[in-house]
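The values are calculated or read from the model by the stated rules, or taken from the named source; none is laboratory data. Quantities reported herein were computed from a predicted structural model and do not represent experimental measurements. Every residue, glycine as well, gets a Cβ built from its backbone with ideal geometry; the counts of neighbours run over all protein chains shown.
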Amino acid sequence: MSESPALRVKSACKTYERSDAPALLPTSFEVARGEFVSLVGPSGCGKSTLLGMIAGLIAPDSGAVEALGRPVTGPGDGRAIVFQDAALFPWLTVSHNVEYGLRAHGVPKAERRERVREALAMVRLEDVGGKHPYELSGGMRQRASIARALVMQPEILLMDEPFSALDAQTRTILSDELQRIWLETRPAVVFVTHNLIEAAFLSDTVHLLSSGPGRIVKTYDIDLPRPRDEADPVLLDLRHDMLDRLRAEVDDAAGQRAQVAEVTAL
């Protein structure tokens with residue numbers, strides 16, 4: 001019998017109050033255990049809404065999301081999330097920030113210390129555990145945020161544009177680091193990004209969403225050996241193909257808006 005997927009999204013859709021159009025049309029896909037999946041698409045296509053549903057922070061209007069074989073009704077349940085903003089508590093040290101979730105779950109002190117030590121070593125911050133977030137660079141703060149998620153030993157790791165606020169050099173370095181960490185730990189990952197080469201570099205599967213209202217319009221299966229190099233010509237070709245499809249989606253959406261405006265003006 002084949003193993004059940006880590007995540008199953010079944011015809012999930014969402015329309016926000018005071019909105020004239022859905023944020024996300026009925027969307028379905030699965031994420032296998034240990035699979036790295038990215039969601040890409042134009043701004044406003046519903047990527048973060050979809051991730052919020054998986055995280056249990058947003059309820060779908062209809063359809064369902066299952067994590068580890070159970071319906072998602074709220075946060076937790078084997079899932080951890082990393083946001084664009086590291087969102088560390090400024091009054092706590094890096095170690096205490098990473099430890100916070102373990103304390104909340106009643107993990108014994110000795111185990112907490114060992115797991116924090118391992119998580120900081122994994123993101124190569126073992127020497128800054130006693131510092132506060134304001135003493136760290138942006139890249140180091142985001143590493144600490146990743147450690148805070150990893151210390152919970154999640155089977156599913158959700159990442160909402162975690163590198164978008166960083167400079168290009170730091171972003172490339174952290175993409176390499178994330179690839180290494182994922183190869184060591186192998187959670188299922190759902191990664192939201194606007195960076196197409198980042199998506200191709202990191203992922204087993206990339207789902208490309210249309211301009212809003214969002215829906216999956218193309219899926220890329222990337223069967224390349226790891227570790228990977230962002231300069232790999234195959235990845236660059238994939239990026240070009242995704243970019244062409246995104247441009248077509250944006251142009252199509254602009255054309256539809258123009259038609260609606262013309263009809264409304266009549």
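Could you give every pair whose Cβ atoms fall below 6 Å, whose first residue belongs to segment 141-163 and is under 16 Å from residue 173 (Cα atoms) and in a helix (DSSP H, G or I), and whose second residue is small (Gly, Ala, Ser) and modelled with pLDDT under 95, counting only separations of at least 6 or pairs across chains?
Within 6 Å, the pairs are 141/86; 142/86; 145/86.
Within the bounds of segment 66-73, is there any residue that is among the hydroxyl-bearing types (Ser, Thr, Tyr), surrounded by fewer than 16 Cβ atoms within 10 Å (Cβ to Cβ) and free of Cβ contacts under 8 Å to residues at least 40 places away in the same chain? Let's see the steps before the verdict.
Looking only at segment 66-73, we keep the residues that are among the hydroxyl-bearing types (Ser, Thr, Tyr), and these are 73.
Filter once more, keeping what is surrounded by fewer than 16 Cβ atoms within 10 Å (Cβ to Cβ): 73.
Filter once more, keeping what is free of Cβ contacts under 8 Å to residues at least 40 places away in the same chain: 73.
Looking for residues that are among the hydroxyl-bearing types (Ser, Thr, Tyr), surrounded by fewer than 16 Cβ atoms within 10 Å (Cβ to Cβ) and free of Cβ contacts under 8 Å to residues at least 40 places away in the same chain, one finds at least one in segment 66-73, hence yes.
As an exercise: evaluate residue 3 against (1) over 24 Å from residue 246 (Cα atoms); (2) among the charged types (D, E, K, R); (3) touching a Leu at 6+ places or on another chain (Cβ under 9 Å) and give the number of the one condition it does not meet.
Against the list (1) over 24 Å from residue 246 (Cα atoms); (2) among the charged types (D, E, K, R); (3) touching a Leu at 6+ places or on another chain (Cβ under 9 Å), residue 3 comes up short only on (3).
Which of the residues spanning segment 121-139 are closer than 24 Å to residue 190 by Cβ and part of a helix (DSSP H, G or I)?
Matches in segment 121-139: 122, 138, 139.
Going through segment 59-102 one residue at a time, which ones are closer than 17 Å to residue 7 by Cα, over 15 Å from the mean Cα position of the chain (by Cα) and of a type in the set (Val, Ile, Thr)?
Hits for segment 59-102 are 65, 72, 73.
In this structure, does residue 171 turn out to be of a type in the set (Lys, Arg), more than 26 Å from residue 88 (Cβ to Cβ) and at pLDDT below 95?
no
Restricting attention to segment 92-140, and to residues there that are small (Gly, Ala, Ser) and more than 20 Å from residue 172 (Cα to Cα), which single residue is surrounded by the most Cβ atoms within 10 Å (Cβ to Cβ)?
119
Residue 62 versus (1) loosely packed, with under 13 Cβ neighbours inside 10 Å; (2) in contact with a helix residue (DSSP H, G or I) (Cβ under 9 Å, 6 or more places away or on another chain); (3) polar (S, T, N, Q): which is the lone unmet condition?
The single condition residue 62 does not satisfy is (2).
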